[in-house]
Amino acid sequence: METQAKLYSVRLSAQKGRLVADQIRGLPVERALNALAFSPKKGARIIKKVLESAIANAEHNDGADVDELRVTRVLVEKAATLRRFAARAKGRGARIGKQTCHVFVTVGDAQKKRISGKAKT
């Protein structure tokens, strides 16, 4: 069973968010929360909140055991860019793009065993 939490239009670039997401992918939720709590990155605070929401969803909606949960999937996707302008010399303006992203966290209680390799013919 898998449970998901989503956060849309966060003021964080997707590239910086993916650096944090790569650190917790596949970890048990206890270790993932610990890693996020001690990370100095801005994305760690944001992803930690989404992870806590996914854990609460799994516990409340699906009745999952929190000790058995693992982070099965973390996606950080690019969203719309906020466009701003800064004043420049001689009456010109320069565009400033403020990046946003969407964060998706999925937790599951059991890791699926995948069959790897090619089928024999």
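The values are calculated or read from the model by the stated rules, or taken from the named source; none is laboratory data. The structure displayed is predicted, hence computed values, not measured ones. All Cβ positions, glycine included, derive from the backbone under ideal geometry; neighbour counts span all protein chains shown.
One table, with the values for the structure above:
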{"quantity": "Qualifying residues in the range 51-69 (those that are within 14 Å of the chain's Cα centre (by Cα) and surrounded by 20 or more Cβ atoms within 10 Å (Cβ to Cβ)) - the one nearest to residue 27 (Cα to Cα)", "calculated": "51"}
{"quantity": "Residue in the range 81-99 that is at pLDDT 95 or above, under 30 Å from residue 27 (Cβ atoms) and in a strand (DSSP E or B) present", "calculated": "no"}
{"quantity": "Failed item, numbered, when residue 21 is tested on (1) exposed (fewer than 13 other Cβ atoms within 10 Å of the Cβ); (2) within 21 Å of residue 101 (Cβ to Cβ)", "calculated": "(1)"}
{"quantity": "Of all residues making up the range 1-19, the number that are out of contact with any strand residue (DSSP E or B) (no Cβ under 8 Å at 6 or more places or on another chain) and not charged (D, E, K, R)", "calculated": "2"}
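This table checks each residue for (1) without any contact (Cβ under 8 Å) to a residue 60 or more places away in the chain; (2) surrounded by 19 or more Cβ atoms within 10 Å (Cβ to Cβ); (3) of a type in the set (A, V, I, L, M); (4) not in a helix (DSSP H, G or I).
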residue	(1), (2), (3), (4)
4	no, no, no, yes
7	no, no, yes, yes
32	yes, yes, yes, no
35	yes, no, yes, no
46	yes, yes, yes, no
49	yes, no, no, no
71	yes, yes, yes, yes
